[in-house]
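To start, the structure under review is shown below, and the notes come after it.
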Amino acid sequence: MPGADSAGRERGEAVESDGVAADPFGLKALLSPGIDPAFWVPERIGVMSAWWAHVPFAFWLTTMARPRVLVELGTHNGASYAAFCEAVLRGKLGTRCYAVDTWAGDEHAGAYGEQVYNDLREFHDKRYVAFSELVRSTFDEALPFFLDGSVDLLHIDGYHTYEAVKHDFDSWRPKLSDRAVVLFHDTNVRKGDFGVYRFFAELSQQFPTFEFQHGFGLGVAAVGPDAPAAVKQLCGLTSEAEIGTVRERFAHLGARWFAISQDALALQNAHQWLAEADRQLGEAQQRAIDAEARLRSEQEAGRARAKEVEAARQQAAEARRDADAARQEAREALRRAEERAQEAAAALQRALDAEQELAWRRSEMGQPGRGAATHFVRDFGYRLRGRKPPAG
Ligand SMILES: C[S@@+](CC[C@H](N)C(=O)[O-])C[C@H]1O[C@@H](n2cnc3c(N)ncnc32)[C@H](O)[C@@H]1O
C-alpha cells in the first residue's frame, strides 16, 4: 500500500526499531495505512471454505505485492479468489486475475455439482469481470494460455498429495515472473495422503518462505529474485517472537471471518431448513384442505344418497298403498260380482218356480209341454252356474 511509510517498508530492516522508539503506544502502527487491508470486510461471506482464516492476509499480501498477473489453481466456491479480487478492486491495482478449476471437485474437496460454478460465476461477474477470468479447465490444460515469466502471484490450492502439489508447482514454475510469490494452502494438514507440508519443507530449502499454521496452514514462498519487499521482509523474519506475533495477529483476524462465515453458513442452513419446513407445512395444509373438500363432497354425496333412499322408500310405500287399494277394489268387485250372481241365481229360481207353476197350470188346463222361453230360462240357469245345460 503506497503511503507515508512505504519507503520505510521498502527498506524493511529499519522500520521496526525506529517505529518502536517513535511509537511507544503503538498508535502510529495501529493507524498505519499499511495494515488497513488486513481489516477489510470480505464480500464472499456465506460460502463454505477452509480458507476463511487467511482472507486478511490475502488482502494484505495482494495490496503489498501489487501483482500484474495473479493465478489461482483451485478455486471451488471462491473464498480465496474473491479475497484476491477484492484487494485488486479496492486497491485499484490493475492486476489481471485468473481462477483455474474444473469446478468438478477432487478426492480431497469432494465432488460437487454445477451449482457451485454457477453461483461463483454470478457473484464474480457482478464484481470482478473487468479484470478477472474464470478458466474452467484442468491446471495442465490452462498452461498454454499463460506466457512464460508472466505470473507475479500464484496460489496453489488444488489436489493436496505431495505428487500433485509438486506437479502443479513444477509445471507452473516457467510461468512465474522475477517478482513471483507462490502461496500454498494446507501446509499444516497432517492426515491421509496430504503432502503439502512435505513439499513446502523442501521448497523452504530453496526459497525464502513464511508459514502460517492456523487455518490448515498457508505457505508463502518468495520464489522470484525480485519478490516484493513486504514478502521478502515477511519471509526474512528470524525472531521467533516476531514470527509468532505475525502468525498470531493474522490468525486472530482470520478467526473472525472463519467464525462469521460459519455463522452465515449455519444461518443459511437454518433458512433452508425453515424453507423446507415451510414447504412441508404448506403441503400438509394442502393435504388437509383436500381431505376436507373430499369429506365435504362425500358428505354431500351421502346426503344425496340418503335423499334418494328416502324418495325410494316413499315411492315403495305409495306403491304398497296403491296395491292395497287395488286389492281392496278387486275384493269389492268380487263381492259385487258374487252378489250379482246370487241375485241372478235367485232370479233364475224365481223364473223356474214361475215356469213350474205355469206348467202346472197348463196341465190343469190340458196344455202339456214346455215353450221356447221355458228352455231359455232353464239353459240360462245352467250357464250361470258354469254347467252345460241338458239337451231337449
Ligand atoms: C481445496 S479446493 C479449493 C479451495 C479454494 N481455494 C477456497 O478458497 O476454498 C480444490 C479445488 O481444486 C480443483 N482441482 C483439483 N485438482 C485440479 C486440477 N488438476 N485441475 C483443475 N482443478 C483441480 C477442485 O475441483 C477443487 O475445486
When the helices in the chain are scored as -39500 (n - 2.57) per DSSP H run of 4 or longer and the sum is shared across all residues, what 222 nm value do you end up with, to the nearest 500 deg cm²/dmol? -20000 deg cm²/dmol
Given R₀ = 51 Å, FRET efficiency for Gln314-Gln342 by Cβ-Cβ distance, to 0.05? 0.75
Could you give the angle, 0 to 90 degrees to the nearest 10, between helix 55-65's Cα long axis and the longest principal axis of the Cα atoms of the chain? 40
Tell me the angle of helix 114-127 to the major Cα principal axis of the chain, expressed in degrees between 0 and 90 and rounded to the nearest ten. 60
Quick calc: nm separation of the 7 Å Cα→Cβ label points for Lys166 and Asp278 -> 5.3
Could you tell me how many degrees, from 0 to 90 and to the nearest 10, lie between the Cα long axis of helix 240-364 and the main elongation axis, the longest principal axis, of the Cα atoms of the chain? 0
I need the shape label for segment 32-236. Rule: rounded when a/c is under 1.5, else prolate if a/b > b/c, else oblate, with a, b, c from the alpha carbon gyration tensor. rounded
Under 8 Å for C-alpha pairs, at least 6 residues apart: give me the relative contact order for the chain, rounded to a whole percent. 14
For the ranges 240-246, 250-256, 175-181, 201-207, what's the packing order if you count other beta-carbon atoms within 10 Å of each residue, average per peptide, and put the highest first? 175-181, 250-256, 201-207, 240-246
Using alpha carbons only, how many angstrom separate the centre of segment 113-174 from the centre of segment 264-300? 44
Identify which of Gln268, Gln285, Gln342 has the largest mean-square fluctuation in a Gaussian network model of the chain, with springs joining Cα atoms closer than 10 Å. Gln342
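Bear in mind these aren't lab numbers, they're just calculated from the coordinates by the rules spelled out. Every value quoted in this text rests on a predicted model; they were computed, and no experiment measured them. Cβ sites come from the backbone with ideal geometry, for glycine too, and all protein chains shown count toward neighbours.
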